[in-house]
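Before any comments, here is the structure.
What follows draws every value from the coordinates through simple rules; no lab data is involved. All values derive from a computational prediction rather than experimental measurement. When we count neighbours, we look across all protein chains shown, and the Cβ atoms used for this are built from the backbone with ideal geometry, even at glycine.
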Ligand code: IPM
Ligand code: MN
């Protein structure tokens, strides 16, 4: 039996609570004969407290060695004043960079039962199924120089650098077009070509990849600000949205709210395929953050974290059937009205994090 090596990095805030629910699922799939081997380590503020940095070298080695990394969330006010290089977020950025996880897939699906939980009207979000493909290892997140310098007159100047190469744009465009072919065959590419050279370049490279390799897929270019507006106006016009690291960060938070709550959106961060083995490095994480205000209270919605595990089943372990079953279990639990506070709706009885995890395990039992 194949063994899948999972590294669990729960992180800070609600990270450990939502990861515990994934561990229940790992246990359940194990009982059904799927070989999971798990290890757990620290990342973010908790790693800083233990080691003085946002991820230890030892944890990085484990991450490189794992078939997939499951990541919770990092950050919190407690670490607001730690040095920039070792702030909690640096652990996540290092994982993305060192594992070469350039393709971040963020699927925004509005479950029928949740159409009323969104802040938008039911008809706008009901049946929504879009995929944001965010470039994750380039752009302004990593471009150099990135610094605050003090000038001769004592004033200061801050600079971040937005930088993209042909190779970086080509490979993310290919991921988006490939995905679109398995979906509704449309890619919307978002940039700011009207003010940014990287935007002009992005549009050119995506256009060329489209023409040369994917002319059977519909391509539309959209300005990133207009894309944000269209996402709240009529999101169902989109299928796959491909965009850079920073715009992708922002557009995916918007997309998350279309689904009812930030607590609903999973994500997969994938590296390039190893030509010899076909395997790719991968990290799976919810789009939400560490939510320090509700941390430790057992109130957090674990569905984005559980959905991220579902994406690991699908994209890292070739367990598509199991992933479908898990998605179905989530949908059934939502339909039954078992919901955490963020999606319960006004006046409705909300349940806790562990109740949702238990209900999903119960549904899996019923479905299997
Ligand atoms: C995300 C997060 C991260 C990002 C932070 C925690 C560094 O907001 O994954 O969307 O900005 O990429
Ligand atoms: Mn974000």
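Roughly what percent of Cα-Cα pairs across the chain reach past 33 Å?
29
I'd like the FRET efficiency for residue 84 and residue 178, computed as 1/(1 + (r/R0)^6) with the beta carbon distance as r and R0 of 30 Å, rounded to 0.05. Please list the in-between numbers first.
Details: r = 36 Å, r/R0 = 1.21.
Once the sixth-power term is evaluated, E becomes 0.25.
With no solvent and one point on each alpha carbon, what is the Debye value of log10 I(q)/I(0) for segment 33-72 at q = 0.15, 0.25, 0.35 Å⁻¹?
Log-scaled intensity ratios, in q order: -0.38, -0.85, -1.23.
Just how far, in whole angstrom, is segment 122-200 from segment 294-346 if you go by their alpha carbon centroids?
28
Which residues does the label zone of residue 123 cover in segment 197-235, counting backbone N under 20 Å from a point 7 Å along Cα→Cβ?
Of the residues in segment 197-235, 230-235 have backbone N under 20 Å from the label point off residue 123.
Please work out how much length the chain gains when fully extended from residue 336 to residue 161, using 0.36 nm per residue of separation minus the C-alpha to C-alpha distance, in nm with one decimal.
The span from residue 336 to residue 161 would gain 58.2 nm if fully extended.
Among 210, 288, 167, determine the one that fluctuates most according to a GNM of the chain built with springs between C-alpha atoms less than 10 Å apart.
Judging by the Gaussian network model, the answer is 167.
Using 0.36 nm per residue, how much length does the chain from residue 185 to residue 201 gain when fully extended, once their Cα-Cα distance is taken away?
3.4 nm is the gain from fully extending residue 185 to residue 201.
Kindly provide the Kirkwood hydrodynamic radius of segment 313-368 in Å, to one decimal, from all pairs of distinct alpha carbon atoms.
It works out to 12.0 Å.
Where the centroid of each part is defined by its Cα atoms, how far is segment 225-250 from segment 1-50 in Å?
Each part's Cα centre sits 31 Å from the other's.
For a quick check, take a GNM of the chain with Cα springs below 10 Å and name the residue from 324, 153, 253 with the largest mean-square fluctuation.
Fluctuation is largest for 153.
Which residue fluctuates most in the GNM of the chain (Cα springs below 10 Å): 84, 315, 111?
Comparing 84, 315, 111 in the GNM, the peak value goes to 84.
Is segment 132-199 rounded, prolate or oblate when judged by the Cα gyration tensor, a ≥ b ≥ c being the square roots of its eigenvalues, rounded requiring a/c under 1.5 and prolate requiring a/b larger than b/c?
Prolate shape, in that a/c is at least 1.5 and a/b is the bigger ratio.
Going by average Cβ density within 10 Å per residue, which order do the peptides 189-195, 342-348 take, highest to lowest?
On the way: 189-195: 19.3, 342-348: 13.9.
Descending mean neighbour count gives 189-195, 342-348.
Roughly how many nanometres apart are two label points built 7 Å out from the Cα toward the Cβ at residue 77 and residue 39?
So the two model labels end up 3.6 nm from each other.
Determine the shape class of segment 25-165: with a ≥ b ≥ c the square roots of the Cα gyration tensor eigenvalues, call it rounded for a/c under 1.5, and otherwise prolate if a/b is greater than b/c, oblate otherwise.
Taking the square roots of the gyration eigenvalues as a ≥ b ≥ c, segment 25-165 is oblate.
Full-extension gain between residue 65 and residue 236, please, as 0.36 nm times their residue separation minus the C-alpha to C-alpha distance.
Net length gain for the segment: 57.6 nm.
Viscosity 1.306 mPa s, temperature 10 °C: Stokes-Einstein D of segment 249-296 from its Kirkwood Cα radius, in µm² per second? Each step should come with its number before you reach the end.
Details: Rh = 12.7 Å.
This corresponds to a translational diffusion coefficient of 125 µm²/s.
Counting pairs of alpha carbon atoms under 8 Å apart in space and at least six apart in sequence, what relative contact order in percent does the chain give?
Reported relative contact order: 21 percent.
Can you give the convex hull volume of the alpha carbon atoms of segment 194-294 per residue, in Å³?
On the way: hull volume 15.6 nm³, N = 101.
Hull volume normalised by residue count: 155 Å³.
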